[in-house]
Every structure is written in C-alpha cells, then in structure tokens.
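K.L.:
I have a structure I would like to understand better, so I am pasting it below and will then ask my questions one at a time.
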Amino acid sequence: GDDQIGRAFTDFIGQDAILRSLRLNLLTTFYDTVEWKLEFDLANPAQIKENWFGLTSEIPYLGFLRAGYMKEPFSLEILTSSTDLVFMEASLPVWTFAPGSNLGVRAQNSAWEGRVNWAAGGFWNVQPTDRLGDASDRIDQSNGFDLTFRLYGLPWYEGEGGKLLHLGV
C-alpha cells in the first residue's frame, strides 16, 4: 500500500510509516456468570491475541477459571497490558523465555486481602495464530504441553505503596 500511496500522493509525508500495533479488544459478561475476551491485532494480519471464556464467580479453593487462547501465567511483564508498560517493550530475557499465549485452562486466586496471588494452568504449546483459519492445524501440530505456575506476594507494604517488597516465582 505504501508504493501506491506514494505514487498517488507525491507530496504525502509519512507513506513509509507502518502501524506497529492496532488492537481490537472485546471483554463482555454473560448473565453475570461467564466473561469472554476476544482481542485481535489488526496491524499483524488479524492475529488473535486472546480468545477465552472465564467464570466470574470464585470456585472455593480453586479460584477463578479460564479456558481458551490466553497468556500463560509467566512473568509480570508478559501479563501486563502494553498500554501499562513503563518502557516500550518487555525486556529481552522475558521475550526469550516467556511462553506467551497458548491454548489451555488456567486457574487463579488470591489470599490474605490480595497480598498473595497465584495462577496455574495447562496449555498446548500452539503459539500465535497468525491466520484465522489455522487454529485446528495449530492444535494438531503443537510441539508439547506446558504446565505453568506463578506465585507472587507482597510481604511488606507501608505508606500506601511508598515502601514495599514484592516477591514472585
């Protein structure tokens, strides 16, 4: 498209610019019991970023349940929305080792007034769905199964967050 725009509008500045990310995000709740999230990245040939269903009610001891294509519970940076990151990108070690989004089931819960949180899940390692029609092929050709667990807590918190200690595994 850049070449066509450049020929049609010779004085157009910025025809070499491309969108790095353009996301369409839908999060809705059905009957106050089930939530659904669907997120596309339109700048990357309609890549599905997330597509999952979850229960809005807490299951005793287990917590909240989600199933579908979602981020695995690994690293604070991966789970943080790109609109809330301090820097433009997540750090290189996180991109190197983090599993990203996969198809699976995840449970998560918190305790002690939200100061201890955990999440665990089982996922097929299917990786990005760059084309909308290839989801079944990704499952058939997955390269393994991931068991992912994340535990983090806030043992010390003072002065409305002025002093704190946050630990995670």
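A short reminder: the numbers here are calculations on the coordinates, not readings from a lab. Because the structure is predicted, anything quoted here is derived from the model rather than measured. Cβ coordinates were reconstructed from backbone atoms using ideal geometry, including for glycine residues, and neighbour counts include every protein chain displayed.
K.L.:
What is the calculated FRET efficiency for GLU160 to THR80, with r their C-beta to C-beta distance and R₀ = 30 Å, to the nearest 0.05? Mind showing how you got there, number by number?
P.N.:
Values: r = 21 Å, r/R0 = 0.69.
Approximately 0.90, to the nearest 0.05.
K.L.:
Hey, another quick one. May I ask you to derive the FRET efficiency for PHE53 and ALA8 from their Cβ-Cβ distance with R0 = 45 Å, giving the value to the nearest 0.05?
P.N.:
Values: r = 45 Å, r/R0 = 0.99.
Calculated transfer efficiency: 0.50.
K.L.:
For GLU35 paired with PHE149, estimate the spin-label separation in nm (one decimal), with each label point 7 Å from Cα along the Cα-to-Cβ line.
P.N.:
The modelled label-to-label distance comes out at 2.5 nm.
K.L.:
A further question follows. Would you mind getting me the FRET efficiency between SER21 and PHE97? Use the beta-carbon distance for r and R0 = 22 Å, nearest 0.05.
P.N.:
0.50
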